[in-house]
Amino acid sequence: MMEDIYIIKEGKELRCGYTTGSCAAGAAKAAALMLERNEIIEYVKIDTPAGIPLRLKVNNQEIHGGWASCSITKDGGDDPDSTDGMEIHALVKKRGDGLNVIDGGQGIGRIMRKGLFGNVGEAAINPVPRQMIDKEVSEVSKSGYDITIYAPKGEEISRKTYNKNIGIEGGISIIGTKGIVYPMSEDALIKTIYLEVDMIEEKYGKDNIILVPGNYGEKIADSLNMKESRVKMSNYIGDTILYIYNKGFKSMTLIGHIGKLSKLSIGVFNTHSKVCDGRMEAFVYYLALRGAPIELLDRINNCMTAEEALDRCIEAGYGEIVGDMSKGCRDRIRRYLKDESYPAEVIIFSMERGVFMG
């Protein structure tokens, strides 16, 4: 727990939380204190790189002669991710040589590819959390400790994260550069996308790269046998394609639902609904270019979903606008990249009607 801290985001007051790195540092310090004092402690205080001190509730305390262990519950505040509410444990043993040796146990992922924040084979405990753990236990004693960070539910929860895509297997990562979770930050997700692109470059080179917004796009890519060199870009089309282009990839292929790529076809490069909902505007635009009657434009403008709008277009004999949107996406991408000859392919699909090629 900590004294609640709030930020204002899009007119809303949102509560901050704390990272898995803060949980690991707090659990390690609490376990070291219990080992030194031979008594259970209920709360532990740590500092964070953000300059905000935390007073954390200690759970699952155990002392057994030469070692002690406990856990801290992750609190994501009003930005809960897949690790929110899970227990991050630390088991601490004395060394006596002044060194603090930090490793990961059950549920903590292992780095399987170079290029991440550590060496291949090491536990996925990022540099800042390692520094936090080292600092906090050193305040307890300078004698040195063997410290194992573990998370019993880590392997299960890691399946809901991007870890496997970026070369971390077997569990979650212990992360956080500030120690504090600031709600609804986009930076971490965009950095994860960049990291995935880097891993694709390392593994497959700089030929074609396949971009999908999410899980449905992945399923369509699988059905088209496009299983390699693939990155989830979420809503951040602009950030992703710029990074890929500047990395020197020779070409890209985007696969997405018509509801999302219709927005791109009229120049929307962040497709989150809070940024822009231009789906019906896109349909109206391309229908108007084909000379569709005003009555059809009115009907489309009143549709609630892209699937409904597509059905009405096809029923009225204007199914060709899917191809127009695909070309529009390609043109917008090239214009965005300031490279009119860049090879960018677009595959649009509908949940009801399947894949439209071309």
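The values are calculated or read from the model by the stated rules, or taken from the named source; none is laboratory data. Since we're looking at a predicted model, the values are computed, not measured. Here Cβ is always computed from backbone atoms with ideal geometry, including for glycine, and neighbour counts include all displayed protein chains. We work out accessible area using only protein heavy atoms, side chains counted, and drop any ligands, DNA or RNA first. Shrake-Rupley method; radii C 1.70, N 1.55, O 1.52, S 1.80 Å.
What about Glu295, is it surrounded by fewer than 20 Cβ atoms within 10 Å (Cβ to Cβ), without any contact (Cβ under 8 Å) to a residue 40 or more places away in the chain, farther than 26 Å from Ile314 by Cβ and of a type outside the set (A, V, I, L, M, F, W, C)? No, not satisfied.
For the stretch 19-70, what are the residues that are in contact with a Gly (Cβ under 6 Å, 6 or more places away or on another chain) and within 17 Å of Asn126 (Cβ to Cβ)? Let's see the steps before the verdict.
Within the stretch 19-70, the subset in contact with a Gly (Cβ under 6 Å, 6 or more places away or on another chain) is 19, 21-22, 44, 46, 48-50, 56.
Within the stretch 19-70, Thr19, Gly21, Ser22, Ile46, Thr48, Pro49, Ala50 qualify.
Applying the condition of being open to solvent by 30 Å² or more (accessible area, probe 1.4 Å) and without any contact (Cβ under 8 Å) to a residue 40 or more places away in the chain to the stretch 26-42 and asking which residue is nearest to Asn59 (Cα to Cα) yields Glu42.
Which of the residues spanning the stretch 174-197 are open to solvent by less than 40 Å² (accessible area, probe 1.4 Å) and either over 12 Å from the mean Cα position of the chain (by Cα) or under 20 Å from Gly51 (Cα atoms) (or both)? Show your work before the answer.
Of all residues in the stretch 174-197, those open to solvent by less than 40 Å² (accessible area, probe 1.4 Å) come to 174, 176, 179-181, 183, 190, 192-193, 195-197.
Ile174, Gly176, Gly179, Ile180, Val181, Pro183, Val197, listed by residue number.
In the stretch 164-171, is there at least one residue being surrounded by fewer than 19 Cβ atoms within 10 Å (Cβ to Cβ) and not in a helix (DSSP H, G or I)? It would help to see each step written out before you state the result.
Step one: filter the stretch 164-171 for residues surrounded by fewer than 19 Cβ atoms within 10 Å (Cβ to Cβ), giving 164-165, 169-170.
Then drop every residue that is not not in a helix (DSSP H, G or I), which leaves 169-170.
Yes, the stretch 164-171 contains at least one residue that is surrounded by fewer than 19 Cβ atoms within 10 Å (Cβ to Cβ) and not in a helix (DSSP H, G or I).
Is it true that Thr20 is in contact with a strand residue (DSSP E or B) (Cβ under 9 Å, 6 or more places away or on another chain) and surrounded by fewer than 23 Cβ atoms within 10 Å (Cβ to Cβ)? It is false that Thr20 is in contact with a strand residue (DSSP E or B) (Cβ under 9 Å, 6 or more places away or on another chain) and surrounded by fewer than 23 Cβ atoms within 10 Å (Cβ to Cβ). Failed condition for Asp339, given (1) surrounded by 15 or more Cβ atoms within 10 Å (Cβ to Cβ); (2) closer than 29 Å to Glu186 by Cα, with all others met? For Asp339, the exception is condition (1). Taken over the stretch 304-319, residues that are surrounded by 13 or more Cβ atoms within 10 Å (Cβ to Cβ) and either of a type in the set (Asp, Glu) or over 12 Å from Gly278 (Cα atoms) (or both) amount to 11.
Let's see how each residue does on (1) open to solvent by 60 Å² or more (accessible area, probe 1.4 Å); (2) over 22 Å from Pro49 (Cβ atoms); (3) in a helix (DSSP H, G or I); (4) in contact with a Pro (Cβ under 9 Å, 6 or more places away or on another chain):
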{"residue": "Asn119", "(1), (2), (3), (4)": "yes, yes, no, no"}
{"residue": "Val128", "(1), (2), (3), (4)": "no, no, yes, yes"}
{"residue": "Gln131", "(1), (2), (3), (4)": "yes, no, yes, yes"}
{"residue": "Asp134", "(1), (2), (3), (4)": "yes, no, yes, no"}
{"residue": "Val137", "(1), (2), (3), (4)": "no, no, yes, no"}
{"residue": "Ser143", "(1), (2), (3), (4)": "no, yes, no, no"}
{"residue": "Asp146", "(1), (2), (3), (4)": "no, yes, no, no"}
{"residue": "Ile149", "(1), (2), (3), (4)": "no, no, no, yes"}
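If only one of Glu196, Glu218, Glu228, Glu201 is at pLDDT 90 or above, of a type in the set (Asp, Glu) and outside any strand (DSSP E or B), which one is it? If you could, list the steps in order and put the result at the bottom.
Working: Glu196 fails: at pLDDT 90 or above; Glu218 fails: at pLDDT 90 or above; Glu228 fails: at pLDDT 90 or above.
Being at pLDDT 90 or above, of a type in the set (Asp, Glu) and outside any strand (DSSP E or B) holds for just one of Glu196, Glu218, Glu228, Glu201, which is Glu201.
Across the stretch 125-173, the qualifying residues are those that are more than 15 Å from Met86 (Cβ to Cβ) and of a type in the set (Gly, Ala, Ser), and the one among them that is farthest from the chain's Cα centre (by Cα) is Ser143.
Of everything in the stretch 84-107, what is open to solvent by less than 10 Å² (accessible area, probe 1.4 Å) and of a type in the set (Val, Ile, Thr)? Give them in sequence order. Correct list: Ile88, Val92.
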